[in-house]
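**Student:** Sharing a structure with you now.
Values quoted throughout were computed directly from the atomic coordinates according to the rules given, and no laboratory measurement underlies them. These figures come from a predicted structure and were not determined experimentally. Because the Cβ atoms are built from the backbone with ideal geometry, glycine has one as well, and the counts that use them run over all protein chains shown.
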Amino acid sequence: MPQSAAPVPRATIALAAGGTGGHLFPAEALARELMARGHEVVIHTERRGAQYDKALAGIPHVVLPASSLEGGLVAKAKAALVILRGVLASRADLKRRKVALVVGFGGYPSFAPALVAKSLGLPLLLHEQATRLSKANRQLLRFADALAISFPSVAGADGFDAARIVETGNPVRQSILDARGDYPPLGDGLPLRLLVVGGSQSAAVFGRVVPPALLALPEGLRRRLQVSLQYKGEDADAIAGQLRAAGLDAEVRPFFDDMGERLRAAHLVVTRAGATTAADLLTIGRPAVFVPLPHGGAREEQRRNAETLAQAGVGWHVPEAELTPETLSAVLHEAFASPTRLPDAARAAAALGRPDAARRLADAVERLLPVAGPRR
């Protein structure tokens, strides 16, 4: 008779995540999966990450001093001192808890725990949420025992042993998993639901471009639209009134706390192209118009995400520099006027979705545990 697999040892596992939701939410999803399997978990993050009270509820966490190594020599010297403080704090906590393995989710706060893992001889698993390795993960890759990726391939991992790369997908929050369902039907007279959301910081450009784009649509389409627009501008009430006066069923809010349900109801989403946004869309299976951030450290990551998803048939990639009321109105008209374009894109999105990403990632963690163990 074939031998049964050896039982997985219960262990304490540390997750290191940057302070943005894009890093912290996947760490939360993995933490809860590992805890359900009987492991003990601690999340090491920084001040911004600690503000996600809901995500961290019931999960032990440590707030580390952290800093980016950007800027000139003086700035880098100061950052190095901050990182050293983070290393010392992380090392003390990992040793006290007898941590057996560290998982890094990117962001500069993940540096200290990853370096501590290396110094203590602990296995290090890196998880990349985007289609290209983040700066932090690129620099930490030399120390990693394994790399988990969210898409079938990832740029920036050249030279890393392919046998140590596993595609897990990007773990999403339970509220997103709970919202999975069939794509809503399209047909003459049925509502057309459009969700416009610009991430945790909203997106001022959507407030400027989306209303006139909607007003430029043919009246027949406008009358069927149900619009949810996330917008934090002081003119939000005026925009909502303008849209309603034009016959649109429009809701304008600074924040939506029921994002899972809104994604499930949506026929099309206009959004940024961050990794967490992409994972949510693919898990639920919804098409999108992707407008990547035009500047900042996340610009390249979001551009590549948008290009990859558009090429896969999930939707449209519109650079912000090209996002005008005319171009957006044309895209929306094309999408809603076709009986097949949106359902096809929804199927393409669902095909890339990994609703079992937390389980897959937890499996990858446990595969490293037989050789893991606190070495003091």
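**Student:** Whole Å is fine, so just give me how far the alpha carbon centre of segment 203-273 lies from that of segment 155-202.
**Tutor:** 20 Å
**Student:** Another question, then. Across segment 162-172, in residue order, what do the Karplus-derived ³J(HN,Hα) couplings come to in whole Hz, using 6.51 cos²θ - 1.76 cosθ + 1.60 with θ = phi - 60° and x for Gly and Pro?
**Tutor:** So the J values, rounded to whole Hz, are 4, 5, 9, 10, 10, 8, 10, x, 10, x, 10.
**Student:** Once you order the gyration tensor axes a ≥ b ≥ c over the Cα atoms, which shape class does segment 177-352 get: rounded for a/c under 1.5, otherwise prolate or oblate by comparing a/b with b/c?
**Tutor:** Rounded, since a/c falls under 1.5.
**Student:** Ranking request for peptides 102-114, 38-50: highest mean number of other beta-carbon atoms within 10 Å first, then the rest in descending order.
**Tutor:** Sorting 102-114, 38-50 by mean packing, highest first, produces 102-114, 38-50.
**Student:** Given an 8 Å cut-off on Cα distances and at least 6 residues of separation, report the relative contact order of segment 177-352 as a percent.
**Tutor:** Relative CO of segment 177-352 lands at 25 percent.
**Student:** Checking the table LYS98/LYS118; LYS54/LYS78; LYS98/LYS135 against a 23 Å threshold on Cα-Cα, which pairs fail?
**Tutor:** Exceeds cut-off: LYS54/LYS78; LYS98/LYS135.
**Student:** Only one of the listed values, [x] 36, 25, 23; [y] 46, 23, 19; [z] 40, 23, 18, was derived from the coordinates as semi-axes √(5λ) of the Cα gyration tensor in Å; which label is it?
**Tutor:** [z]
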